[in-house]
Amino acid sequence: MTKLANPAVALAPPPARTAGRRAGFVVVCLGQLVMFVNITQITTVLAPIQQDLGLSGSALVWVASIYSMVLASLVLSAGTVGDIIGRRRTFAAGAALLAAGSLSVFLSSGATGVILGQAVMGVGGAMVLPNSLALVTHAFPDPHRRTSAVGIWVAVSGVGLAVGPLAAGLILQHHSWHAVFLVDVVLGAAVLLLTPFLVTESRSPGRHLDPPGLVLAVVAIGALNYTVIEGGHGGYGQPKALGAALLAAAALAAFIAVEIRTRTPMLNLRLFAVRSFSAANLIAFIAQYGFVAVAFVQVLYFERVRHESILATGVLMLWLMASYVLASPLSSRAVRRFGFRATLAAGALLAAAGTLLMTGQSATTPTLVVGGWMALFGTGAGLLLPPSTAAAVVSVPHSDGGMAGGTVNLFRQVGGTLGSSITGTVLTGGAAAGSFAGALHTAVLIPAVGALAAAATALLFVRNRPAGG
């Protein structure tokens, strides 16, 4: 009797052609690049926006933070939407919203229009981020190849962060700040056009939206940011700041209670029973906070302390961005050779060293010295951010990869949101008090302490090798 083929093998879809998979991977990474271009792009043009629109300090921080705040609030639900209706479809819709929101900012003539446009971009970024990661992890089921692919995917974020200030500086040589936002219009449109032809659709049947969880997450993250921004300017003891802090705490407690009881949670809390998964998410949070905070600080340091042009600032920021981009692909090799634990700890210690050295920078510090400190931090971040994301995803079974990816993206984006809002609040408060240089040092000391905590967390709690690898 002829032996029957294994049903699981017989029914499995054939693997995508290598060339097609690579082309789809490039498009997905391009979408990832678009959403990160906006982070440093908006930071770079804060000064001309404030001069043109006459924004207050708190309004300026909202302009800098609203994109990340909306993104962080919606990233998990957007991942679930992708699981239900298709990740490719949701990813493409997110690219369209990124382009539309950027076009809205381009056409804006006031602070409200800029903030609303950035909020629309945040919705688009929330749709792109988790679904791009899910598309990558679906295309590379092997744990080691998945780690390498995720490393490249995360490294692309550094490319986007580098493109932002460079493109802004070049455009501002001949045009107003409005024209800077056409970059995302063009890139978003390109992703939208290419996605249906090059990216393979995937879904996760059985997932359901969690409206109570969504509302509570938005309230908790929004109230937390309001507390940080408004409390930093008017004092944390004022009724508005205290009320927002209490609202954030209550919403977070209610969110946890809802997620524990619902049959279709937006955030599957049982994954946090895996010690390595929990630790990797904490490290990703710290790392993203630090990267956004340091980028924010260094842009303002070059522009306002050293009085560099925006284009020169973009070029100088390459010390940070290029080192991050170069180190990120090497992180997967380091993980293969030394494991997650040593790679993450080394990255965190390098990042801590770079930020601690930055506390001593002044207007007269030689450019090569500052650049060396930035490269040290960028290298550390490159060894920290991709492996922390990969460690979270590969700490759980492949079937939970989508939820794991969405969760680590949530932690990264909340970290990035607080990185911009806390840093912006520290710096604007320092400027108002006449101690901007001191505020710069405080702003980089915070991620330095966080990086040291990340190193200890990696050594104590992260699983050293991929699950099943």
Task: Restricting the stretch 364-405 to residues that are over 25 Å from V159 (Cα atoms) and free of Cβ contacts under 8 Å to residues at least 60 places away in the same chain, the residue that is surrounded by the fewest Cβ atoms within 10 Å (Cβ to Cβ) - done: T364
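Of these, G382, G424, G401, which one is at pLDDT 85 or above and under 20 Å from the mean Cα position of the chain (by Cα)? Quick ask: steps written out before the conclusion?
Details: G424 fails: at pLDDT 85 or above; G401 fails: at pLDDT 85 or above.
Only one candidate qualifies: G382.
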Open item on the list: Against the definition (of a type outside the set (V, I, T) and more than 23 Å from the chain's Cα centre (by Cα)), how does A448 come out, yes or no?
Closed with: no
Task: Enumerated helices (runs of 4 or more DSSP H) restricted to the stretch 38-128, each holding at least 3 residues that are touching a Pro at 6+ places or on another chain (Cβ under 9 Å) - done: 57-85, 87-106
Open item on the list: If V185 satisfies all but one of (1) surrounded by 21 or more Cβ atoms within 10 Å (Cβ to Cβ); (2) at pLDDT 85 or above, what's the number of the condition it fails?
Closed with: (1)
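Given the options T407, T442, name the one that is in the same structural domain as L135 (by TED's automatic domain parsing), under 21 Å from R306 (Cβ atoms) and of a type outside the set (K, R).
Working: T407 fails: under 21 Å from R306 (Cβ atoms).
Only one candidate passes the filter, namely T442.
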Open item on the list: Need pairs with beta-carbon distance below 8 Å; first residue among the hydroxyl-bearing types (S, T, Y) and within the stretch 426-445, second part of a helix (DSSP H, G or I); sequence gap 6+ or separate chains.
Closed with: T428/G57; T428/S58; T428/L60; T428/V61; T428/G232; T428/H233; T442/V426; T442/G430
TODO: Name every residue in the stretch 43-87 that is closer than 16 Å to V120 by Cβ and either in contact with a Cys (Cβ under 9 Å, 6 or more places away or on another chain) or of a type in the set (V, I, T) (or both), in order of residue number.
DONE: V63, I66, V70, V75
Open item on the list: Between A248, A257, A244, A312, which is surrounded by fewer than 20 Cβ atoms within 10 Å (Cβ to Cβ), at pLDDT 90 or above and not assigned by TED's automatic domain parsing to the domain that holds V325?
Closed with: A257
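Please go through the stretch 245-269 and pick out each residue that is within 24 Å of the chain's Cα centre (by Cα), part of a helix (DSSP H, G or I) and of a type outside the set (D, E).
Here is the first cut: in the stretch 245-269, the ones within 24 Å of the chain's Cα centre (by Cα) are 245, 248-249, 251-252, 255-256, 259, 265-269.
With part of a helix (DSSP H, G or I) added as a condition, the list becomes 245, 248-249, 251-252, 255-256, 259, 269.
Scanning the stretch 245-269 gives A245, A248, A249, A251, L252, F255, I256, L269.
The values are calculated or read from the model by the stated rules, or taken from the named source; none is laboratory data. From a predicted model like this one, the values you see are computed outputs, not experimental measurements. Because the Cβ atoms are built from the backbone with ideal geometry, glycine has one as well, and the counts that use them run over all protein chains shown.
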